[in-house]
Amino acid sequence: MSEMKKISKKDIMNFKKLELERQKVIHDFNLKPIVTDYFVNDLVYKLHPDIQFVKVLEVIKESDDVKTFVIGPDIDKGTNNLAYFKAGQCISACVKIGVGIYQRPYTISCSPKNALDNKYTITIKRRDNGIVSNYFFDEVDKGYSFSVSAPFGDFCYSSIRDENHVIALAEDSGIIPFVSMAEAIYDGIEDFNLTIIYAGKTKNDLIFREKLDNIICKLEKVNVIYILSEENDNEFLNGLIDKEIIEQYKKEYNSFFVCGSLNFYAYINEILKEFNLPKKYIRHGLFMGEIELDNYNEYKLTVLTDSEEFHLKCNEKKTLLQTMEESGIIVPNKCHVGECGYCRSKLISGKIKTFDENIRAANEIHNYIHPCCSFPLSDITIKLTN
Ligand code: FES
């Protein structure tokens, strides 16, 4: 066994010398502070702020029951600039009405170019029982201050995913995302061909006609076909959107974007089935209002949180989220189409009907649902998880 070498006095002196030399090298090295403020972080925050405080700059009456609110940043509350968005995206508006705090997604109805001038417009239709839409319609005026989320949503054109010809099928205020898309094409921000087939009961239901007609006059890439179901007028087609009309405007390759009520989705989906399209070519926007049913059943809804239990009445016409909100239960939410996952809850018992296209297999296996797009089909018990 070799004997361990003893540390000598000379070794200690050499080590001390080495340490001094090392300190000198570190000291002489031109150390720059570590960069933590990356340009890209700044850009990400500008594009996706947590919250934006806004003020109403102008209110425009579009029809007897539709108003457009022009909004800009509320500098007094710390928002200096509005985040950019893609045509077809929404913002979630958060407003206090009475004792309740409500969040509702609204599609931005102008061109993304307006965001560069620090303006968005949201267009809101008054609806029976629409707590937030009626509040906006009746109470909100110039100077009103509220908060909105960053723009979000996937109901936008993507040159990678979508065909270059988009057939937009719109009902009533479902036209809003397509107005934004048409303006974005006009402004040179988007580059695709857009044929809008726009259905309403009467001429009064067809908002933004002047704006759309102006664009069609100047641009070949955008075309609009108006259809009235309850009024005869030679300037418009009469009846309902059907396979023949779609056939007439279809090109060889098309993507279909659909926006309207849930009943409209069900009706259009039946027609589109006949074209045998892969799922990716049919996209749905926000649905408008409640589901329309002549007869509907009422059920019991039990909501569990970590510390409380609530017993409510629900029915087949309203989403579980709407029922909870109206009872003052605070449920995180943003998109109302199953996209953001904020309202995700566990279904403990009961049967639901959902139009959620975003529900993942894992959620289904473990019984997680999105109350924002779930309607009861029996008594329900859910546990809030967020
Ligand atoms: S609010 Fe976004 S998933 Fe329900």
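With contacts taken as Cα pairs under 8 Å and at least 6 residues apart, the chain reaches a relative contact order of 12 percent.
Across segment 48-64, computed HN-Hα scalar couplings (Karplus, 6.51 cos²θ - 1.76 cosθ + 1.60, θ = phi - 60°) run 10, x, 5, 8, 10, 8, 10, 10, 6, 9, 7, 10, 10, 7, 8, 7, 4 Hz from first to last residue, x flagging Gly and Pro.
The coefficient of translational diffusion for the chain, derived via Stokes-Einstein from the alpha carbon Kirkwood radius under 4 °C and 1.567 mPa s, stands at 54 µm²/s.
For the chain, the mean residue ellipticity at 222 nm estimated from helices alone is -7000 deg cm²/dmol, where every DSSP H run of n ≥ 4 contributes -39500 (n - 2.57) and the total is divided by all residues, rounded to the nearest 500.
How much of the accessible area of segment 48-148, in percent, comes from carbon and sulfur atoms when a 1.4 Å probe is used? Write out the running numbers ahead of the final one.
Details: 2130 of 4580 Å².
That fraction is 46 percent.
A 1.4 Å probe over all protein chains sorts Arg127, Arg283 by accessible area into Arg127, Arg283, starting with the largest. Largest first, the residues Lys300, Lys6, Lys67, Lys383 sort by 1.4 Å accessible area into Lys6, Lys300, Lys383, Lys67.
Relative to the longest principal axis of the Cα atoms of the chain, helix 209-218 runs at roughly 80 degrees.
Using packing as a proxy for protection, rank 142-155, 98-111 so that the peptide with the highest average count of other Cβ atoms within 10 Å comes first.
In descending order of packing, they fall as 98-111, 142-155.
For segment 298-384, with all protein chains present and a 1.4 Å probe, just round the carbon and sulfur fraction of the accessible area to a whole percent. Don't skip to the answer; put the middle values down first.
On the way: 2050 of 4300 Å².
Heavy-atom surface of segment 298-384 belonging to carbon and sulfur, 1.4 Å probe: 48 percent.
With charges only on Cβ, +1 for K and R and -1 for D and E, what is the dipole size of segment 48-148 about its Cα centre, in debye, rounded to 20?
Numbers: 13 positive and 12 negative charges, 43 e Å.
In total the dipole reaches around 200 debye.
If one takes the longest principal axis of the Cα atoms in the chain, at what angle in degrees, from 0 to 90 and to the nearest 10, does the Cα axis of helix 176-186 lie? In the chain, helix 176-186 runs at an angle near 70 degrees to the longest axis. The packing ranking, built from the mean of other Cβ atoms within 10 Å per residue, places the peptides 212-223, 344-355 in the order 344-355, 212-223, highest first.
For Phe264, the solvent-accessible surface with a 1.4 Å probe is about 20 Å², rounded to the nearest 10. Per the Debye calculation on segment 48-148 with a single equal scatterer at every Cα and no solvent contribution, log₁₀ I(q)/I(0) for q = 0.10, 0.18, 0.20, 0.23 Å⁻¹ amounts to -0.24, -0.82, -1.03, -1.36.
Atom-type composition of the exposed protein surface of segment 153-249 places 41 percent of the accessible area on carbon and sulfur (1.4 angstrom probe).
When both bridge partners sit in the chain, DSSP labels roughly 60% of those beta bridges antiparallel. Each residue of segment 373-386 is assigned a 3J(HN,Hα), and the resulting list reads 10, 10, 10, x, 10, 6, 4, 10, 10, 10, 10, 6, 10, 9 Hz, derived from the Karplus form 6.51 cos²θ - 1.76 cosθ + 1.60 (θ = phi - 60°), x at Gly and Pro. Using the 1.4 Å probe convention, the accessible area of segment 165-284 works out to 47 Å² per residue with neighbouring protein chains retained. Amide hydrogen proximity for Leu82: with H placed 1.01 Å from N in the peptide plane, the residues at 5 or more positions away or on another chain lying under 5 Å are Asn118.
Take every Cα pair under 8 Å whose residues are at least 6 apart in sequence, average their separation, divide by the length of segment 165-269, and the relative contact order is 35 percent. The packing ranking, built from the mean of other Cβ atoms within 10 Å per residue, places the peptides 311-321, 269-279 in the order 311-321, 269-279, highest first. Computed with a 1.4 Å probe over protein heavy atoms only, the accessible surface of segment 298-384 comes to 49 Å² per residue.
Here segment 165-284 is assigned +1 on the Cβ of each Lys and Arg and -1 on the Cβ of each Asp and Glu. Its dipole about the Cα centre then comes out at about 420 debye.
At a threshold of 8 angstrom on Cα-Cα distance, excluding pairs fewer than six apart, so keeping six or more, what relative contact order does segment 1-126 reach in percent? Worked out over segment 1-126, it gives 20 percent.
Taking all protein chains into account, the per residue accessible area for segment 48-148 stands at 45 Å² (1.4 Å probe).
Of the residues Asp233, Asp42, ranked by 1.4 Å probe accessible area with the largest first, the sequence reads Asp42, Asp233.
The values are calculated or read from the model by the stated rules, or taken from the named source; none is laboratory data. These figures come from a predicted structure and were not determined experimentally. Every residue, glycine as well, gets a Cβ built from its backbone with ideal geometry; the counts of neighbours run over all protein chains shown. These area figures cover heavy atoms from the full protein model, side chains too; ligands, DNA and RNA do not enter into them. Shrake-Rupley method; radii C 1.70, N 1.55, O 1.52, S 1.80 Å.
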